[in-house]
Amino acid sequence: MNYLGSTVQSNGECGKEVKKHVQAGWNGWRKVSGVMCDKRVSARMKGKVYKTVVRPAMLYGLETVALRKRQEAELEVAETKMLRFSLNEYIRGTAHVRCFGDKVREARLRWFGHVQRRDSEHIGRRMLRLELPGRRPRGRPKRRFMDVVKEDMKLVGVREEEAEDRVRWRQMIHCGDL
């Protein structure tokens, strides 16, 4: 089902959504491939073009998706292929482009901080804490959004309470480019 531009599958998976974002990234790359493949354009300029055209197309809407490691790897592979077509040397350092997973983590934590600063009765904030009645099914539990956010916060070294101060929160979660 397509809801607000996002593909929602009945089993809660987001595989189609990831493929759609990879395709959006390739479409953006094709639009600027004349610049990206031109040998006269510097690697730094190619990195800037990539960060302003291609990466936002791939990142748009991913801050609300609980990605699995495999899906995050799919996005990384697509990004690396695009950069490799453009640069035939050390990719990330030359183009000054940070790892795609880091940028997804930053976007996810930025969105989480935004929701945390809302009123405690706001629907978005209540939905983050929603516990469904009954038991979870047998087997390995599916990754939920809050599980992923907690992993991200642990990795970055921040706590939920720190989200109240917007400026400090942005400084703490910002990973920047190289």
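Any chance you could check the Cα centroid distance between region 146-162 and region 33-58 for me, in angstrom?
32
Counting only other residues whose beta carbon sits under 12 Å from that of SER120, what net charge do I get with K and R as +1, D and E as -1? Mind showing how you got there, number by number?
Details: positive: ARG117, ARG118, ARG125, ARG126, ARG129; negative: ASP119, GLU121, GLU164.
The answer is +2.
As a check on your grasp of the helix formula, calculate [θ] at 222 nm for the chain: sum -39500 (n - 2.57) over DSSP H runs of n ≥ 4, divide by the residue count, round to the nearest 500.
On the way: 10 runs with 99 residues, N = 178.
Calculated at 222 nm, the ellipticity per residue is -16500 deg cm²/dmol.
Work through the residues other than VAL158 whose Cβ is under 15 Å from its Cβ and net out their charges, Lys, Arg +1 and Asp, Glu -1.
Once positives and negatives cancel, what remains is +1.
Can you give the extra length, in nm with one decimal, that the chain gains between GLU160 and ASP147 once fully stretched, where that is 0.36 nm per residue apart less the Cα-Cα distance?
3.4 nm
Say a site is exposed when it is one of the chymotrypsin sites (Phe, Trp or Tyr not before Pro), sits in a DSSP loop, and has at most 16 other Cβ atoms within 10 Å; what is then the longest site-free stretch of the chain?
On the way: sites that count: TYR60, TYR90.
Here the longest segment lacking exposed loop sites spans 91-178.
Sort LYS20, LYS154, LYS46 by heavy-atom solvent-accessible area, probe 1.4 angstrom, most to least.
Result, largest first: LYS154, LYS20, LYS46.
Would you rank ARG118, ARG140, ARG166, ARG98 by solvent-accessible area, highest first, keeping every protein chain in place and using a 1.4 Å probe? The partial results should precede the final answer.
Values: ARG118 100, ARG140 225, ARG166 130, ARG98 65 Å².
These residues rank, largest area first, as ARG140, ARG166, ARG118, ARG98.
Picking from HIS96, SER33, THR52, whose Cα lies most toward the positive end of the charge dipole for the chain (charges on Cβ: Lys, Arg +1; Asp, Glu -1)?
SER33
With springs only between Cα atoms under 10 Å apart, run a GNM on the chain and tell me which of LEU109, LEU87, LEU130 wobbles the most.
Most flexible of the set in this elastic network: LEU130.
Quote the charge dipole size of region 35-178 about the Cα centre in Debye, to the nearest 20; the model charges only the Cβ of Lys and Arg (+1) and of Asp and Glu (-1).
Roughly 420 debye for region 35-178.
How much length, in nm to one decimal, is gained on full extension between CYS37 and HIS96, taken as 0.36 nm per residue of separation minus their Cα-Cα distance?
The span from CYS37 to HIS96 would gain 19.6 nm if fully extended.
Which loop-located GluC sites (Glu not before Pro) does region 105-178 contain, where loop means any DSSP state but H, G, I, E or B and the Cβ has at most 10 other Cβ atoms within 10 Å?
Those satisfying the criteria are GLU121, GLU131.
The values are calculated or read from the model by the stated rules, or taken from the named source; none is laboratory data. Because the structure is a prediction, the values reported are computed rather than measured. Counting neighbours? That spans all protein chains shown, and the Cβs are built from the backbone with ideal geometry, glycine included. Please note that ligands, DNA and RNA were not included when accessible areas were found on the heavy atoms of the full protein model with its side chains. Shrake-Rupley method; radii C 1.70, N 1.55, O 1.52, S 1.80 Å.
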